[in-house]
Amino acid sequence: MTFCEYKPGLEGIPATQSSISYVDGQKGILEYRGINIDELAKSSNFLETSYLLIWGGLPTKDELAEFEHEIRYHRRLKYRIRDMMKCFPESGHPMDALQACAAALGLFYSRRALDDPAYIRAAVVRLLAKIPTMVAAFQLMRKGNDPVQPRDDLDYSANFLYMLNEQEPDELAAHIFDVCLTLHAEHTINASTFSAMVTASTLTDPYAVIASAVGTLAGPLHGGANEEVITMLEEIGSVENVRPYLDGCLQRKAKIMGFGHRVYKVKDPRAIILQNLAEQLFEKFGRDDYYDIAVELETAVEERLGHKGIYPNVDFYSGLVYRKLGIPTDLFTPVFAIARVSGWLAHWKEQLAENRIFRPTQIYTGARNASYVPIEQRQSTHDRALLASLIAE
Ligand code: CMC
């Protein structure tokens, strides 16, 4: 093998070939299976887009109707999963609850037949159908309430908002939520998708694949950033405080949440659409005070960091949309997961079609030929006071 340069974070290193989505980070273009995200946001819906991503082409009317019907039929959770959730601490993060529930599906559907198209179809349907029910159920249960059963007469997005708020959502709100899911459904080989692919490449079951992706999405540098954006806007508190706050962050070399992207060096095309959706919601339901702070922050960050290609990413405006839809802040990332399940499943299928286990190499930087020191002769390498305080915590 020839020498290759080590790139932290694998920046710029192709780890796979894929025909699922395409990003041009300089021009701000995102396409799913060649179709521009603007067009999908305008004309498609989340389930049709999921079909496109997972099965590789837009469905016919009958194919879509069948897919929607299957998903509707599989929305309910086994009571044992609900009972398991009842034991989760209400202070636990909903992403941790979701990861545990996604993994638990593997206990109930343990047959693994990765070369059987019917098995693949059933796993796709189950995961798309049940993940929203899990998110809504945990939200109600942590407040001490019984979960609300899904309603077969409601579409995918309207049903989720219904299960979450125990009331039928406004039509515009349900539509906008569905567009948000479409926008978040897929994004090439990001951290959680890569994690899904690595897990998939071991030929484990699809529930383990999705559980590992959920765990990866949760981090603040990835999907967790949408929650952090709201915390940041709260901390800024006023338009006047935007620039002093930004100065403080830059001095401390702290990252501004919701800005920057490994691939986009311009404003993320999804952020443009999300900002527009937020404005539509404000027109109907009233403005959010944080919006003016967000717009001012975008201007200030562009002035200070635009030369480095730091612009709003997908997570910057999504939280403002979700807030207006009445979604609690710590459910923002689980909502991202509801959408991204379709991208993860598309990559799972693509990985299986031409699988080779991921097993990269490393550059070893440790000692060689070290001797084994008998325990009586060892010197502690730890700060003992620090260790004692950590144990006491
Ligand atoms: N605020 C301030 N400076 C930034 C930011 C930011 N948000 N993002 C990047 N930079 C600077 C960084 O300090 C560095 O400057 P320099 O070259 O002078 O040291 C340069 O830009 C490159 O940054 P990096 O951290 O090496 O870039 P990366 O490609 O490794 O990281 C990122 C990408 C998204 C993790 C990063 O931009 C970041 O931490 N952003 C904030 C968290 C966030 O919003 N995450 C959501 C990502 S998009 C959707 C998703 O994945 O969920």
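The numbers here are math on the coordinates, done by the rules we state, and not lab data. What you see is a predicted model, and the numbers here were worked out from it, not measured in a lab. No Cβ is skipped: glycine too gets one built from the backbone with ideal geometry, and neighbour counts run over all protein chains shown.
Miscellaneous remarks
- Eligible lysines near LYS284 by straight Cα distance, threshold 23 Å, same-chain separation 8 or greater: LYS42, LYS324
- Ordering 369-376, 285-292 by mean Cβ neighbour count within 10 Å, with the highest value first, yields 285-292, 369-376.
- Estimated purely from DSSP H runs of n ≥ 4, each contributing -39500 (n - 2.57), the mean residue ellipticity at 222 nm for the chain is -18000 deg cm²/dmol once divided by its residues.
- Hypothetical label at GLU354: residues of region 1-30 whose amide nitrogen lies under 15 Å (7 Å Cα-Cβ projection): 14-21
- Overall size of region 225-323 from C-alpha positions, given as principal axis extents largest first: 39, 29, 21 Å.
- If the segment from ASN369 to SER19 were pulled out straight at 0.36 nm per residue, it would be longer than the present Cα-Cα gap by 121.4 nm.
- Straight-line reach from LYS265: taking Cα to Cα under 17 Å and skipping same-chain neighbours fewer than 8 places apart, the aspartates and glutamates in range are GLU11, ASP24, GLU31, GLU298, GLU302, GLU303, ASP315.
- Expected-Rg normalisation [2.2 N^0.38 Å, Cα atoms] applied to region 116-259: 1.30
- Cα-based equivalent ellipsoid, the chain: semi-axes from gyration tensor eigenvalues, Å: 33, 29, 24
- Nearest-0.05 FRET efficiency for ASN145 and LEU107, computed from C-beta distance (R0 22 Å): 0.30
- Once backbone amide H atoms are built at 1.01 Å from N, ASN313 has PHE259, GLY260 as its partners under 5 Å, excluding neighbours fewer than 5 places away on the same chain.
- Projecting label points 7 angstrom from Cα along Cα→Cβ for GLU376 and THR188 puts them 6.1 nm apart.
- Peptide packing for 64-76, 258-270 was compared via the average number of neighbouring C-beta atoms within 10 Å per residue; ordered from the highest value, the list is 258-270, 64-76.
- With a Förster radius of 45 Å applied to the beta-carbon distance between ASP152 and ALA385, the computed FRET efficiency rounds to 0.15.
- The length gained by stretching the chain between ALA392 and ASP330 to full extension, at 0.36 nm per residue less their Cα-Cα distance, is 19.4 nm.
- Reachable lysines from LYS78, criterion Cα separation under 29 angstrom, eight or more residues apart if same chain: LYS86, LYS130, LYS143, LYS349
- Length gained when the stretch TYR6-PHE285 is fully extended (0.36 nm per residue, less Cα-Cα span): 95.4 nm
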